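The values are calculated or read from the model by the stated rules, or taken from the named source; none is laboratory data. What you see is a predicted model; the values in this text were computed from it and never measured. Neighbour counts are summed over all protein chains in view; Cβ atoms, including those assigned to glycine, are modelled from backbone coordinates with ideal geometry. Keep in mind that these areas ignore ligands, DNA and RNA; they rest on the heavy atoms of the full protein, side chains included. Shrake-Rupley method; radii C 1.70, N 1.55, O 1.52, S 1.80 Å.
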Amino acid sequence: MFGFFSSDTEEDDEEEDPETLPIQVTKMKQEQLVEETNNWIKRLNRKGDWSVYLLPEDPTLDQLNTVDDDLDRLYSKISSNRPDDREERMLVLNARQSLQVLLEMYDVYDSITKPVETSSNENRDNNNGSTAKV
């Protein structure tokens, strides 16, 4: 009778959107940062004839750390062998800086998605019906 106001499917969609929106935004930001980092790595590989691995679309934290270690070693190698090659060192620094932003995003996402652990005192207080002291 009141179907013209809204349908059941619209209500279901509205309920799902707030839950998935943060995940969608995080995923889009991750894809953007991976693409940016890979662009810097591609420039570096072309300029210096290096073979630094590109990141996959959805890299793991271990993959990010491995590429970061590779870039750190490469920067040290370029600095010791060709200290006057400022352009190539800047490419490594830009790639590494972009990767650091991605690593920070992973750290923040990891910290907000872990469940909060309650202490044993809080569990006892809650079980006895008493309030926690602030």
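For ASP62, the criteria (1) loosely packed, with under 11 Cβ neighbours inside 10 Å; (2) among the charged types (D, E, K, R); (3) more than 17 Å from the chain's Cα centre (by Cα); (4) at pLDDT 90 or above hold in every case but one, which is (3).
Tell me, which residue of region 75-101 that is open to solvent by 60 Å² or more (accessible area, probe 1.4 Å) and of a type in the set (Ser, Thr, Tyr) is nearest to the chain's Cα centre (by Cα)? Per the stated criteria, the residue is TYR75. Among the conditions (1) surrounded by 17 or more Cβ atoms within 10 Å (Cβ to Cβ); (2) in a helix (DSSP H, G or I), ASP72 misses just one, which is (1). Just one of the listed residues (THR37, THR20) is open to solvent by less than 60 Å² (accessible area, probe 1.4 Å), more than 18 Å from ASP72 (Cα to Cα) and either charged (D, E, K, R) or assigned to a helix (DSSP H, G or I) (or both), namely THR20. Does SER7 meet the test of being open to solvent by less than 80 Å² (accessible area, probe 1.4 Å), at pLDDT below 85 and on the phi < 0 side of the Ramachandran plot? Criteria met by SER7.
With respect to the conditions (1) assigned to a helix (DSSP H, G or I); (2) at pLDDT 90 or above, LEU55 lacks only one, and its number is (1).
Would region 82-95 turn up any residue that is in contact (Cβ under 8 Å) with a residue 12 or more places away in the chain, closer than 25 Å to LYS27 by Cβ and assigned to a helix (DSSP H, G or I)? Yes - at least one qualifying residue is present in region 82-95.
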